[in-house]
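Take a look at the structure set out below.
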Amino acid sequence: MENNKNILVLTTLSCSVLGFIVPLIVWFLNKDNNEFACKKYLTDLLNFELTLFIIGLILTVINVIPLLGQLISGLGCLIVMIANIIIVIMATIKLTKNLEYKFPMTMELIK
């Protein structure tokens, strides 16, 4: 169990830099592994990061609109990046204390 927890902590911390790539790889490697505890946490983390990725894509499309769109897109990206870092840190703290964490604003894309 401790090994699983270490993997989850490193995966969670990597999200602030690499986005959904690392959780996706860890999820694919362990999705059929019945011994891997915390599948739900990993699925929630992946759904959260994919939600932020979709928000980033929407902000990129809004960026095409001159001035106002660029202002909204720039501020939106800044808010999303800061929120990602704060939420990842909060989730890591809860994970190290063996407490359950529910990721906010998450679309359930993967079950």
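None of the figures in this text is laboratory data; all of them are computed from the coordinates on show. Given the structure is predicted, the values throughout are model-derived calculations rather than measurements. Cβ sites come from the backbone with ideal geometry, for glycine too, and all protein chains shown count toward neighbours.
A compact table of results
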read-out	value
Cα-derived Rg to Rh of the stretch 5-67, Kirkwood definition	1.13
Debye log10 I(q)/I(0) for the chain, one point scatterer per Cα, at q = 0.09, 0.15, 0.23 Å⁻¹	-0.26, -0.64, -1.26
Rg/Rg_ref, the stretch 56-111, where Rg_ref = 2.2 N^0.38 Å and atoms are Cα	1.48
Separation in nanometres of the label points that stand 7 Å from Cα toward Cβ, at CYS77 and MET105	1.6
Most to least packed among 60-71, 3-14 [average Cβ atoms within 10 Å]	3-14, 60-71
Under 14 Å, Cα to Cα: Lys pairs in the chain, sequence gap 8 or more or different chains	12
Gained length - ILE25 relative to ASN63, 0.36 nm times residue gap less alpha-carbon distance	10.7 nm
Extension gain from LEU10 to LYS97, taking 0.36 nm per residue of separation minus the Cα-Cα distance	29.9 nm
